[in-house]
Structures are given as structure tokens and as C-alpha cells.
Amino acid sequence: TKDSSKGAIRNSTTTTSVEIVAGAPPAVAISGVDATTKYNVDAGQVQLTSDVTSANGIASTVWSAVGSDVAATFVSGGASKANISAISAIVSLSALTEGATYTLRLTATDSLGESSYSSVALTMNEAPSTGTVVVSPEKGFTLDTGFSFAAVNWVDEDLPMKYVFGTVPVSGS
């Protein structure tokens with residue numbers, strides 16, 4: 001190109017080398033987590049399943065939680081497994097932090113040392129905050145007084161919110 005301010009023609013070149021090797025790393029696919037769903041900590045467990053294929057055989061697979069704030073994210077499946085094409089892992093939701101998103105990864109390595117991975121995001125729901133429950137009247141008699149319950153000023157990013165009111169037996173004083 002010609003630089004009109006200097007009246008000279010300027011050129012630039014670069015080169016690179018690309019090495020093409022035969023074969024391909026393992027293909028890894030994960031299912032079991034819905035990316036559009038927020039999971040509650042009291043919802044039990046989530047089972048992740050996978051399918052790993054490789055033309056060179058599978059030497060190992062290992063589940064990991066990338067940047068997790070929880071030391072033991074997996075109930076089972078976190079350890080490395082050899083020669084397995086379908087591997088599952090179980091995550092205990094009660095061990096996870098409300099409002100956090102976890103990146104769960106399965107890495108597969110073939111017999112030639114080539115590896116690849118697939119990841120899924122597991123998003124934890126955060127409880128509503130700052131609201132109160134108002135009961136009117138404040139005192140009454142069993143099976144005689146009608147009570148009114150109102151949930152007011154609750155804040156949550158997941159709308160609309162649903163409310164469930166009920167009773168629990170209280171023992172002692």
C-alpha cells in the first residue's frame with residue numbers, strides 16, 4: 001500500500017508453520033444438566049452422563065469442577081477411569097453454594113496421549129431475600145380464628161414467585 005504522507009510504498013509479511021498430525025482427539029459429549037434450569041440446594045442430586053468416542057481407544061477419563069468453591073463437588077465419578085466410553089458422575093446439590101454457577105468438565109485422553117474435554121454449566125438458585133410474612137390477626141384460637149397470610153417485599157430475579165403457606169407442629173413451650 002502507498003503511504004501518501006511519506007510518499008513510499010510499505011509492505012509487510014509473516015509466515016507460520018502448521019503441523020498436521022493423523023488422527024483426532026477423543027470426542028466428549030455430556031448430558032444430564034439443563035443449562036436453562038436453576039437447581040435448588042435441597043433438590044437432591046444431579047447425575048451427569050457422557051459418551052466418549054475415540055479411534056485410538058480411551059486411556060482415561062476424569063471429571064472436574066473448574067474453579068469450584070467446594071472441595072468435594074462430586075459424590076461419585078470425580079476419579080480418573082481407564083478404558084471407559086460411558087462415564088457418569090453424581091453431584092450432591094446440597095454441597096453447592098446458592099447463587100453460584102459451576103462448570104463441570106469431563107476430560108478424555110486416548111491411547112496416543114491426545115485429549116479433549118466437554119463442559120456443562122450447573123447454576124444454583126438463590127433464595128428470595130428481604131421480604132417478610134405478615135399474619136393477621138397475630139393471635140387466635142385453633143379451628144375458630146381465620147388467619148390471613150401475606151408475603152410482602154420479597155426480592156428475587158426469578159419471577160413470578162410462588163408462595164406456599166402451611167403449618168408445622170411445635171413441640172415443647
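Each value in this text was obtained by applying a stated rule to the coordinates, not by laboratory testing. Here the structure is a predicted model, which means the values were calculated and not measured. Reconstructed Cβ throughout: ideal geometry from the backbone, glycine too, with neighbour counts over all protein chains shown.
What the table below lists for this structure:
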| item | result |
| --- | --- |
| Segment residue 100-residue 143, extension gain: residue separation times 0.36 nm, minus the distance between their alpha carbons | 11.1 nm |
| FRET efficiency, residue 47 to residue 16 (Cβ-Cβ, R0 35 Å, nearest 0.05) | 0.20 |
| Cα gyration tensor shape for the stretch 116-173, rounded if a/c is under 1.5, else prolate or oblate | prolate |
| Calculated from backbone phi, Karplus (6.51, -1.76, 1.60) coupling profile of the stretch 50-60 in Hz, x at Gly/Pro | 8, 9, 10, 10, 7, 5, 9, x, 9, 7, 7 |
| Label-point gap, in nm, between residue 135 and residue 153 - each point 7 angstrom along Cα→Cβ | 1.9 |
| Where a label projected 7 Å from the Cα of residue 69 along Cα→Cβ would reach, residues of the stretch 87-123 with amide N under 12 Å | 96-102 |
| Selection from 33, 14, 74, by position along the positive dipole direction of the chain (Cβ) | 14 |
| About the Cα centre, charge dipole magnitude for the chain (Lys/Arg +1, Asp/Glu -1 at Cβ), debye | 560 |
